[in-house]
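Worksheet: one structure, shown below.
The values are calculated or read from the model by the stated rules, or taken from the named source; none is laboratory data. This one's a predicted model, so the numbers in the text were calculated from it and none came from an experiment. In this analysis, Cβ positions are derived from the backbone assuming ideal geometry, glycine residues included, and neighbour counts consider all displayed protein chains. To get the accessible areas, we keep the full protein, side chains included, count just its heavy atoms, and leave off ligands, DNA and RNA. Shrake-Rupley method; radii C 1.70, N 1.55, O 1.52, S 1.80 Å.
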Amino acid sequence: MEGSSKNGDNMLLQNYKLGRRLGFGASATVNLAEHVLTGLKVAIKIINKAQMRNMNMEQKVRREMKIGRLLVHPHVVRQYEVIETFTHIFIVMEYAEFGDLFEYVTLYKQNRFNEDEARSVFQQIIFGVEYIHRNMVVHRDLKLENLVLDSNYNVKITDFGFCNVMRDGHFLNARCGSPSYASPEILFGKLYAGPEVDVWSCGVILYALLCGKHPFDEGNISDFYRKIKHGIYNLPMSLPPGARDLIRRILVVDPTRRMTIPQICQHPWFKARLPCYLAVFPPSTNQLAKKIDEQILQKVIDKGFDKNQLIQSLLNRVQNKATVAYYLLLDHQYRNSSPYLKAEFQESGFNQIPLPRYMNYQEIGQRPEFPLERKWSLGLQFQANPHEIMTDVLKTLQELGVCWKKIGYYNMKCRWIPRIHATAMKPSNVVKFEVQLYKTREEKNLLDLQRVQGSQFLFLDLCAAIFAQLCVL
């Protein structure tokens, strides 16, 4: 933390023990630190105010801090607090243990991922970007170096230094970000709405994950810009057909013809093996503030904080020692557990993030006690062994004439044609769905059926038959 004032050091070190430097830039460094109260690791971005002002970056930094406070998503790096002194700004963020994706791919994956790994990473990136756009923010600097991996190898979008707020009817024109990932609109100074430039960057990222190089990074500078301007790149024949089609639809020079995030989410290659938690919109930041985890709350109270004051601070999104400790403990708990049974993704390292069980604190002043919010689960819960459950499920599917294809130890794609339509096989008569078995935090197994294609009514009839056969009705 070179050049910081003694007062700034003292103020920061009351709550954190600074460790080694993780990275640095023109006006900032990023250090590893330990949160004294919880013992958990964080990353602290230390910004020198004098250098920030000399480089005309104050507005940019303030915007980054404001947006960082807004965004709370499993695949966006969380900002825990901002500490400001006379000379420095300290932004306390989630620590990504395995560094950035560029470094990880280079050091451990021989410059590229296999198809399933690339798809898992890309799914996480896209839903993180979709969440950012839904909050009217455009990132504008998506690249492998700005995607980091936590202790469970989950992808997190970071570095919102070039981000901006989108407004309906207003266009942006700033030329920013890394040229290798920048869209033609940004590189050549054209107006853009916002989402389309992040989509282009996502296409470059997917290409890099699968091919081990950038699509346009060959030849001299003039060739580089010419290729981007005209959308000239090679798609290796070794690429899976679905990925080739998706990249071709994303890396389109005309932004009006370029795929959108919702269209990417509907692409068959993208949807394969999609974790169910990504298919559900996460709650907004305000909704999250109203839901409080009872176990984490008690852990913070045990450290000497008043219960009612802590609850009020969480509901009003006040930044203080108690709320920072709460969110650090909350993230740590759910980062280190998984709702999915250990299946094929265990080896590739990309585990999924669970949805926490919350308490709902409403009408605080009128309730001496705070009852636990009733928990709802979508699916069938079983106490039996997973192998026994799947054996019974497969037996039931066989008796009902359902065909299936195993895509994981506890995950199958299924197809069913009602007997009354078996002789006239039409697309409208075919019901396609997926079966997935999950592990809940209560150590129960949850069976989930999701319709992919076909009549909703036929699918509901089939579900009723399956449930009856499994003796749950």
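Residue-by-condition table, conditions (1) among the polar types (S, T, N, Q); (2) farther than 19 Å from L149 by Cβ; (3) open to solvent by 30 Å² or more (accessible area, probe 1.4 Å):
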| site | (1), (2), (3) |
| --- | --- |
| K41 | no, no, yes |
| K45 | no, no, yes |
| K49 | no, yes, no |
| N56 | yes, yes, yes |
| M65 | no, yes, no |
| V76 | no, no, no |
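If you go through region 129-147 one residue at a time, do you hit one that is in a helix (DSSP H, G or I) and polar (S, T, N, Q)?
In the first step, residues of region 129-147 are kept if they are in a helix (DSSP H, G or I); the result is 129-134, 144-146.
From the residues that got through so far, the ones that are polar (S, T, N, Q) too are 146.
So far as region 129-147 goes, yes, one or more of its residues are in a helix (DSSP H, G or I) and polar (S, T, N, Q).
Just one of (1) open to solvent by 50 Å² or more (accessible area, probe 1.4 Å); (2) more than 30 Å from N114 (Cβ to Cβ) trips up N234, so point out which.
Answer for N234: the failing condition is (2).
Restricting region 423-450 to residues that are more than 21 Å from L274 (Cα to Cα) and open to solvent by 60 Å² or more (accessible area, probe 1.4 Å), which is modelled with the highest pLDDT?
Across region 423-450, the extreme among qualifying residues is K444.
Exactly one condition in (1) open to solvent by less than 30 Å² (accessible area, probe 1.4 Å); (2) among the aromatic types (F, W, Y); (3) at pLDDT below 95; (4) part of a helix (DSSP H, G or I) is false for F113; which is it?
Of the numbered conditions (1) open to solvent by less than 30 Å² (accessible area, probe 1.4 Å); (2) among the aromatic types (F, W, Y); (3) at pLDDT below 95; (4) part of a helix (DSSP H, G or I), the odd one out for F113 is (4).
Being open to solvent by 20 Å² or more (accessible area, probe 1.4 Å) and not aliphatic (A, V, I, L, M): is that true of E84 here?
On the way: open to solvent by 20 Å² or more (accessible area, probe 1.4 Å): yes; not aliphatic (A, V, I, L, M): yes.
Taking the combined requirement at face value, the residue satisfies it.
Hey, among V105, V137, which residue is buried (at least 18 other Cβ atoms within 10 Å of the Cβ) and modelled with pLDDT of 95 or more?
Only one candidate passes the filter, namely V137.
Run down F162, F188 and say which single residue is touching a Gly at 6+ places or on another chain (Cβ under 9 Å), open to solvent by 60 Å² or more (accessible area, probe 1.4 Å), farther than 29 Å from P240 by Cα and touching a residue at least 12 places away in the same chain (Cβ under 8 Å).
Values: F188 fails: touching a Gly at 6+ places or on another chain (Cβ under 9 Å).
Unique residue meeting the criteria: F162.
Select, from G128, G99, the only residue that is among the small types (G, A, S), under 25 Å from P179 (Cα atoms) and surrounded by fewer than 21 Cβ atoms within 10 Å (Cβ to Cβ). Write out each step before concluding.
Details: G128 fails: surrounded by fewer than 21 Cβ atoms within 10 Å (Cβ to Cβ).
Just one listed residue meets the conditions, G99.
Helices (runs of 4 or more DSSP H) wholly in region 191-279 with at least 2 residues that are in contact with a Pro (Cβ under 7 Å, 6 or more places away or on another chain) and touching a residue at least 12 places away in the same chain (Cβ under 8 Å) - which ones?
Here the list reads 195-211, 221-230.
Residues that are modelled with pLDDT of 95 or more, out of contact with any Lys or Arg (no Cβ under 7 Å at 6 or more places or on another chain) and not in a loop (DSSP other than H, G, I, E, B): does region 173-185 have at least one?
Yes, region 173-185 contains at least one residue that is modelled with pLDDT of 95 or more, out of contact with any Lys or Arg (no Cβ under 7 Å at 6 or more places or on another chain) and not in a loop (DSSP other than H, G, I, E, B).
Please work out which one of (1) at pLDDT 75 or above; (2) open to solvent by 30 Å² or more (accessible area, probe 1.4 Å); (3) of a type in the set (G, A, S) is the condition A384 fails and give its number.
Evaluating A384 over (1) at pLDDT 75 or above; (2) open to solvent by 30 Å² or more (accessible area, probe 1.4 Å); (3) of a type in the set (G, A, S) leaves (1) as the failure.
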